[in-house]
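Here's the structure, in C-alpha cells; my notes come after.
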Amino acid sequence: MKTLATLNLLGFASGIAGNNPDCALGPWYLYYHPELLATLALRVKWLPMVKATSADNGLTILPLVEQNLTELAQAVLPLATRKERFCVIGGDHSSAIGTWSAVAHANRQQGDIGLIWVDAHMDSHTPETSETQNIHGMPIAHLLGYGVNYLCDLFDAAAKIKPQNLCLIGIRSYQAPEAHLLARLGVKVYFMAEVQARGIDVVFAEAQAYVLRHTCGFGLSIDLDGFDPEDAPGVGYHEPGGIDAQAFIQSVHTHLNQAALLGLEITEYNPLLDVQAKTAHLIAALLDAVYA
C-alpha cells in the first residue's frame, strides 16, 4: 500500500490585523471538521495553532500583531529549512509577512525566492498611505521592505521579496498609493481584466516562469477573495468578478513546478459566510492540486 505524503498545516487563527475576527475561525473550522480534508491524497498533520484576539484595530495593536507574526514565522522556519510540504491556513493575509519572511530566510544561501500572489487586492499600503492602518492591507509592502521596521526585519534586514521576483494575479480592488508603489518598483501585476482576456491558464504559466527567472524557488500565496464569490463565498471581503476557481485548479494541475515550490498559503477563509462548505471544499481542492 502506498504511503501518503505528509502535509503540514499551520493554522493562523487571527483576524486582528484586518479587524475581522470571523476570519480567525477558518483554520479552527477545518481542524474540527477533518472530514472536509479526508479526501486529500495526503496525510494531514496539524501543527499548533497560531492565534490572537483583540477588540482594537490598526496600529494600536501593532505589538500583538508583531508577536503573532513572529510566532508564525518561527513555526514556518523549520519546515522551510527542511523543505517539508506545508500550508499556512488563515486568517487575515498579514500572515504572509510571517510565512514568506521565514521561507526567504531559510533559503538565503540558495538564493532569492519568488512569490505568486493571488488576490483581489494589492495589499501594498504602507503605514503612511493606509487609511485604516490595518496591517492586513500592507503585507506585500513589508515583504518588499517598506513599512514597520520590526516586520520588515523579521529574521534579517534584507527585503524578503525583490520586486522583479513577484507577480500579483487577479487584482481588481486597490487604491492609488498601492498601485503607485508597485508601479514604481516594477512589480508584475495581472489585473483581472487581463486574466479574463488571456485566461488564467496562460497567466499562471507565465507568472510561474516569471518568478523563477532569478530565484531558487517560489511560494504561492492565495487569498480566497481572488476567486469569484460564486466559487468562494466564505471569504473575508467579497469582490465580484474574480478568477474561476476550477480553471485555476486545472492550471495548477497542468503547470505547477512542484520541485520549485517552497510553500503554500491560503488565507481569508470565513466559515460563517460559507455556503454548503463550498469554500472549504475549494481549499481541499487547492491543497490536492498543489501537493498531491
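The values are calculated or read from the model by the stated rules, or taken from the named source; none is laboratory data. These numbers were taken from a predicted model, which means no experiment stands behind them. Because the Cβ atoms are built from the backbone with ideal geometry, glycine has one as well, and the counts that use them run over all protein chains shown.
Hey, can you tell me all the residues within segment 180-202 that are under 20 Å from Ile243 (Cα atoms) and among the small types (Gly, Ala, Ser)?
Ala193, Ala197, Gly199
Of the residues in segment 215-246, how many are in contact (Cβ under 8 Å) with a residue 24 or more places away in the chain, more than 21 Å from Gly91 (Cβ to Cβ) and either of a type in the set (Ser, Thr, Tyr) or in contact with a strand residue (DSSP E or B) (Cβ under 7 Å, 6 or more places away or on another chain) (or both)?
Count: 3.
Would you be able to tell me the number of residues in segment 178-234 that are basic (Lys, Arg) and part of a strand (DSSP E or B)? Working first, answer last.
The first filter runs over segment 178-234 and keeps only residues basic (Lys, Arg), leaving 184, 188, 198, 213.
When the remaining residues are screened for being part of a strand (DSSP E or B), the result is 188.
Qualifying residue count, segment 178-234: 1.
Could you say which residue among Asp225, Asp274 is surrounded by fewer than 23 Cβ atoms within 10 Å (Cβ to Cβ) and of a type in the set (Asp, Glu)?
Step by step, each of Asp225, Asp274 is checked, and only Asp274 is surrounded by fewer than 23 Cβ atoms within 10 Å (Cβ to Cβ) and of a type in the set (Asp, Glu).
Which residues, taken from segment 1-14, are surrounded by 13 or more Cβ atoms within 10 Å (Cβ to Cβ) and either among the aromatic types (Phe, Trp, Tyr) or out of contact with any Leu (no Cβ under 8 Å at 6 or more places or on another chain) (or both)?
Phe12, Ser14
From Thr81, Thr132, which residue is more than 30 Å from Arg198 (Cα to Cα), modelled with pLDDT under 95 and not hydrophobic (A, V, I, L, M, F, W, C)?
Step by step, each of Thr81, Thr132 is checked, and only Thr132 is more than 30 Å from Arg198 (Cα to Cα), modelled with pLDDT under 95 and not hydrophobic (A, V, I, L, M, F, W, C).
How many residues does segment 247-292 hold that are free of Cβ contacts under 8 Å to residues at least 60 places away in the same chain and assigned to a helix (DSSP H, G or I)?
Number of matching residues: 16.
So Leu72 passes all but one of these: (1) assigned to a helix (DSSP H, G or I); (2) touching a Ser or Thr at 6+ places or on another chain (Cβ under 9 Å); (3) more than 24 Å from Ala120 (Cβ to Cβ); (4) at pLDDT 95 or above. Which condition number does it fail?
For Leu72, the exception is condition (3).
Of all residues in segment 85-111, count the ones that are in a loop (DSSP other than H, G, I, E, B) and in contact with a Lys or Arg (Cβ under 6 Å, 6 or more places away or on another chain).
Qualifying residue count, segment 85-111: 0.
Every residue, every condition in (1) touching a residue at least 40 places away in the same chain (Cβ under 8 Å); (2) in contact with a helix residue (DSSP H, G or I) (Cβ under 7 Å, 6 or more places away or on another chain); (3) surrounded by fewer than 20 Cβ atoms within 10 Å (Cβ to Cβ); (4) among the small types (Gly, Ala, Ser), yes or no:
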| site | (1), (2), (3), (4) |
| --- | --- |
| Leu37 | yes, yes, no, no |
| Pro63 | no, no, yes, no |
| Gln67 | no, no, yes, no |
| Thr81 | no, yes, yes, no |
| Trp117 | yes, yes, no, no |
